[in-house]
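Comments concern the structure below.
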Amino acid sequence: MIRALHRWPGLLAAVVLLVLGLSGAALSVFPAAERLSAPQAEAGQSVADLVGKIAGAYPTVEQIRRAPSGKITAYWFEGGTPKAAVIDPATGQGVASADPNAVERWLTNLHRSLFLDDAGRLVMAAGAGAMLILALSGAWLIARRSGGWRHWFAPMRGRGPARWHAEMARAASVGLLLSAGTALWMTASTFDLLPDGEAQPDFPASVSGGSGVALTDIDMIGTLAVTDLRSFTYPYPGDASDVFTLKTESGSGYLDQGTGTLLAWADATPWQRVSETIYMLHTGQGASVLGLALGLIALAIPGLAGTGLAVWLAGRGARGFRSSPAAQAETIVLVGSEGGSTRGFAETLARALVASGQSVHVAPMSAFAPQSYRRAQRILILAATYGDGVAPASAKGFLDRLAALPVAPKAPLAVLGFGDRGFLAFCAYAERVAAVAKAKDWQELLPLATVDRQSPQDFHRWGLALGKALGIDLVLSHSPRTPRTASLELIERRDYGAKVQAPTAILRFALPRASLWQRLTGQGFGRFVAGDLIGVVPEGASVPRFYSLASATRDGFVEIVVRKQPGGLCSGQLMVLQPGDRVRAFLRRNPGFHAGRDRVPLILIGAGTGIGPLAGFVRANARRRPMHLFFGMRHAASDFLYGEDLARWQAEGRLARLITAASRGARPHYVQDALRAEAAELTRLIQSGARIMVCGGREMAAGVSAALGDILAPAGLSPVLLKAEGRYVEDTY
Amino acid sequence: MKSVFAALALTTALTFPALALARPVTLTTQMNNYGGDGAYLALYVTDKGGAYVGSLWMAGGKSKYYKHLSEWYRATGGDLAQINGITGASVGAGRQLEITLDLADALFDAGYTLHIDASVEDMRDSPNEVAVPLTSAGAGQPVAGRRYIASFTYDM
């Protein structure tokens with residue numbers, strides 16, 4: 001619901017918001033320029049002094065105004081022609097033209113009314129209203145994404161346009177909220193919907209009839225500081241019944257031109273003050289630094305519009321599958337999708353099922369209606385997880401409806417969870433669905449399975465299991481996006497592990513060359529650091545396999561560690577590469593597994609090919625940040641990957657400590673055992689703020705997590721706690 | 001005569017549709033290129049003694065800005081009843097405002113003066129931008145304004 005409230009106003013108002021944002025950003029410069037260019041009154045200068053100086057320079061002066069920026073303008077008549085100039089308060093002389101800047105005026109009219117007067121004002125006000133809704137709903141979505149308002153400033157995970165959208169929105173939302181809210185107030189004020197009109201005293205019924213009082217004799221003007229002045233207006237020449245009109249920060253009034261007595265006064269109303277403050281906040285006139293900040297924030301609007309559109313298009317991309325009616329389908333596919341990517345997987349599944357002769361009904365989980373599934377043989381649920389295990393948008397209400405059923409549907413159930421292992425609550429929602437189904441005694445077709453980071457392999461594997469259960473050949477090949485690949489040339493390979501039946505190689509590829517144009521347009525391979533991923537597309541397959549990078553762009557090469565998997569298509573092809581051979585690959589950033597730029601100690605834990613990114617961190621550690629590497633292998637004589645490099649890096653100070661564990665040989669032990677042996681030192685490091693990064697197989701990661709749980713428990717810490725703080729990250733496969 | 005006139009003015013704002021003692025008068029206001037947004041103009045009439053008699057036209061729809069038409073505002077106290085039904089859009093720089101009203105014959109050659117107060121956003125207010133006596137002889141004679149109005153003419 002909130003997502004729809006975010007999506008539709010965003011798409012509808014995008015163009016208006018672009019105009020508002022860009023013109024607003026451009027306009028924000030003017031108040032600052034005016035503040036810098038306008039001669040300012042010295043502290044303590046009185047209005048009487050200022051008026052006296054101006055009257056000396058321009059004897060026919062009629063009116064003097066002071067803008068919130070401190071700019072003082074005088075208006076006078078010269079031979080019957082009205083004149084105006086910006087005044088230097090020190091001399092009373094004009095120093096610049098008082099006519100409004102044509103560019104500023106043009107931008108102002110574009111910004112507030114698209115040059116369409118009231119109709120345009122209403123369009124722009126609608127745009128501001130849309131922005132208000134977008135900022136509020138967007139803030140709510142960010143809070144939900146990061147697991148609550150308390151985590152507003154927590155580091156963000158995820159990737160692609162959605163990540164950028166959220167990052168920009170987090171920085172900009174408060175400013176945009178302020179701009180939009182004040183814009184609506186100002187529109188209401190313009191259309192006289194607010195009682196914020198300037199308080200004006202009644203014109204005095206009688207005056208002294210005299211004229212020519214010395215301004216310095218009028219207390220009010222003699223003591224009034226220039227900084228409190230709004231405007232001072234002389235009586236109409238030759239009209240004895242007229243008066244001086246004085247407007248200040250606190251109100252306005254009339255003074256007798258013969259005696260100088262205050263004839264009438266009206267204080268500014270609270271409404272007027274609120275409106276003036278809001279005007280200042282919106283325009284930056286009188287608050288130019290804030291104005292510049294809001295202008296800068298407004299520049300986020302094009303970025304937000306672009307990434308927002310990209311997120312929406314990505315979510316739409318896979319649509320278009322026609323499903324059978326619920327009452328006739330044999331297979332019911334229910335989708336719990338937040339951004340729409342899980343929906344894409346569901347449609348790949350549905351197409352594959354239809355291709356093997358099934359009739360399939362695809363629906364969001366929120367449309368769960370078991371009584372209408374009359375011919376259903378099975379129900380498949382594909383559920384994403386949002387933030388801290390919250391139900392995704394299209395699954396709202398599913399669990400309540402399931403819990404309310406007197407008896408579970410007869411058709412057996414398979415649940416597939418989608419998530420990101422970088423998140424604490426990986427597939428937590430799918431787990432809840434499976435748990436509630438179990439509690440209802442819903443027959444299980446397949447046990448709960450998960451897909452990490454839209455992994456096509458995970459999905460493919462689940463498809464095979466499903467096909468087996470159904471007795472059909474089910475091949476699910478779903479590539480969420482087909483990225484542009486670059487051709488990488490192998491320049492070096494180092495082989496390990498043949499003796500321990502684990503052939504492994506460190507493969508080094510030349511950095512693909514990108515033309516300047518490709519670099520500028522982001523079409524090249526892109527910049528990367530250790531911990532990012534490359535997707536290698538093996539020949540004869542469309543689904544990429546991902547490998548962690550052990551090098552950064554600045555190293556000048558692309559390095560990965562590959563172990564030959566029995567029957568593995570991609571690893572098989574990579575393992576036979578010789579220098580000069582090429583593969584097609586693309587880059588995928590993995591910001592959740594970067595070493596980062598800070599100086600806190602790093603505890604790197606890896607086994608087997610998991611050493612790759614960890615070695616990359618050490619290689620890049622020119623600043624000698626304390627890094628402690630725990631590395632598990634089979635036998636030091638055979639698969640000690642990066643053995644010589646690590647010794648050199650240790651000598652260079654890039655690696656503080658290296659602790660190895662070999663599972664074969666004289667004294668077999670695992671990396672978990674090495675951790676336990678170092679329990680005291682690890683506890684000390686973690687208490688001093690160290691970060692833990694784990695890379696390797698899933699079982700190893702689980703073992704490491706359990707070992708660290710035991711080690712840290714006496715100190716009142718746990719892996720779960722550290723993960724929540726972003727101090728414990730894993731990259732597993 | 002004056003009291004009768006004033007009484008009529010209150011109810012009809014100086015216009016007398018379909019009355020024998022009225023005739024159509026065209027008021028043409030040509031703005032010059034003063035380099036600003038649309039101008040607010042108040043067209044009103046004062047008598048021999050300079051006292052406000054009634055309004056002929058208000059160009060500009062937002063009453064919150066009327067205080068910048070300072071002479072008119074002071075004379076009327078910003079009373080919107082004075083311009084009820086005779087309000088139009090503001091007039092852009094270089095544009096022309098042409099209005100035709102049925103004005104009483106009695107307004108001419110009797111010491112009445114037509115005033116125009118002008119005001120432009122972020123620019124100086126110009127009360128009495130135009131002040132022209134209403135006479136038969138003056139009809140068709142263009143009068144220049146002080147700042148925003150290039151010429152003003154009334155034709156009978």
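The values are calculated or read from the model by the stated rules, or taken from the named source; none is laboratory data. Fair warning: this is a prediction, and the values are worked out from it, not measured in the lab. As a convention, Cβ positions derive from the backbone with ideal geometry for all residues, glycine included, and neighbour counts pool all protein chains shown.
Can you report the number of residues in segment A:49-69 which are surrounded by fewer than 19 Cβ atoms within 10 Å (Cβ to Cβ) and either part of a strand (DSSP E or B) or free of Cβ contacts under 8 Å to residues at least 24 places away in the same chain (or both)?
Count: 2.
Being touching a strand residue (DSSP E or B) at 6+ places or on another chain (Cβ under 6 Å) and more than 25 Å from A:A530 (Cα to Cα), is that true of even one residue in segment A:647-661?
no
Please go through segment A:95-125 and pick out each residue that is in contact with a strand residue (DSSP E or B) (Cβ under 9 Å, 6 or more places away or on another chain), within 13 Å of chain B (Cβ to nearest Cβ) and not acidic (D, E).
A:S97, A:A98
Out of the residues in segment A:168-195 that are under 17 Å from A:S113 (Cα atoms) and hydroxyl-bearing (S, T, Y), which is farthest from the other protein chains (Cβ to nearest Cβ)?
Only one residue tops the list, namely A:S179.
Return yes when B:D37 is surrounded by fewer than 22 Cβ atoms within 10 Å (Cβ to Cβ), within 13 Å of chain A (Cβ to nearest Cβ), in contact (Cβ under 8 Å) with a residue 60 or more places away in the chain and touching a helix residue (DSSP H, G or I) at 6+ places or on another chain (Cβ under 7 Å) and no when it is not.
Taking the combined requirement at face value, the residue satisfies it.
When you go through (1) more than 14 Å from every other protein chain (Cβ to nearest Cβ); (2) over 30 Å from A:L299 (Cα atoms); (3) acidic (D, E) one by one for A:D242, which number turns out not to apply?
(1)
Has segment A:662-670 got any residue that is modelled with pLDDT of 90 or more and among the charged types (D, E, K, R)?
Checking segment A:662-670: not a single residue is modelled with pLDDT of 90 or more and among the charged types (D, E, K, R).
Does B:G60 fit the bill of being within 15 Å of the chain's Cα centre (by Cα) and at pLDDT below 90?
no
Among the candidates A:A346, A:A383, single out the residue that is assigned to a helix (DSSP H, G or I), without any contact (Cβ under 8 Å) to a residue 60 or more places away in the chain and closer than 30 Å to A:S146 by Cβ.
One residue alone meets the criteria, A:A346.
Among the residues of segment A:671-693, which ones are touching a strand residue (DSSP E or B) at 6+ places or on another chain (Cβ under 9 Å) and in contact (Cβ under 8 Å) with a residue 60 or more places away in the chain?
If the condition is that a residue be touching a strand residue (DSSP E or B) at 6+ places or on another chain (Cβ under 9 Å) and in contact (Cβ under 8 Å) with a residue 60 or more places away in the chain, then A:V671, A:L675, A:L682, A:L685, A:I686, A:A690, A:R691, A:I692, A:M693 are the ones that fit.
Kindly indicate whether any position in segment A:63-83 is more than 30 Å from A:M186 (Cβ to Cβ) and in contact with a helix residue (DSSP H, G or I) (Cβ under 8 Å, 6 or more places away or on another chain).
no
Step by step: first the residues of segment A:196-219, then only those that are on the phi < 0 side of the Ramachandran plot and surrounded by fewer than 14 Cβ atoms within 10 Å (Cβ to Cβ), then the one that is nearest to the other protein chains (Cβ to nearest Cβ). Which residue is that?
A:D202
Being in contact with a Phe, Trp or Tyr (Cβ under 8 Å, 6 or more places away or on another chain) and more than 14 Å from every other protein chain (Cβ to nearest Cβ) is the filter here; which residues of segment A:25-58 pass it?
Once the filter is applied, which keeps residues that are in contact with a Phe, Trp or Tyr (Cβ under 8 Å, 6 or more places away or on another chain) and more than 14 Å from every other protein chain (Cβ to nearest Cβ), segment A:25-58 yields A:V47, A:V51.
Which members of segment A:190-221 meet the condition of being touching a residue at least 60 places away in the same chain (Cβ under 8 Å), under 30 Å from A:A90 (Cβ atoms) and more than 55 Å from the chain's Cα centre (by Cα)?
Across segment A:190-221, the qualifying residues are A:L215, A:T216, A:I218.
Which of the residues belonging to segment A:221-244 are closer than 18 Å to A:A41 by Cα and of a type outside the set (F, W, Y)?
Once the filter is applied, which keeps residues that are closer than 18 Å to A:A41 by Cα and of a type outside the set (F, W, Y), segment A:221-244 yields A:I221, A:G222, A:T223, A:L224, A:A225, A:V226, A:T227, A:D228, A:L229, A:R230, A:S231.
Which of the residues belonging to segment B:132-149 are out of contact with any Pro (no Cβ under 8 Å at 6 or more places or on another chain), buried (at least 16 other Cβ atoms within 10 Å of the Cβ) and within 14 Å of chain A (Cβ to nearest Cβ)?
Listed by number, the residues that qualify are B:V143, B:G145, B:Y148, B:I149.
Which numbered condition trips up A:D645, out of (1) acidic (D, E); (2) farther than 18 Å from A:R619 by Cβ; (3) assigned to a helix (DSSP H, G or I)?
(2)
Only one residue in A:A636, A:A607 is surrounded by fewer than 18 Cβ atoms within 10 Å (Cβ to Cβ) and within 18 Å of A:I659 (Cα to Cα), so which one is that?
Among A:A636, A:A607, only A:A636 is surrounded by fewer than 18 Cβ atoms within 10 Å (Cβ to Cβ) and within 18 Å of A:I659 (Cα to Cα).
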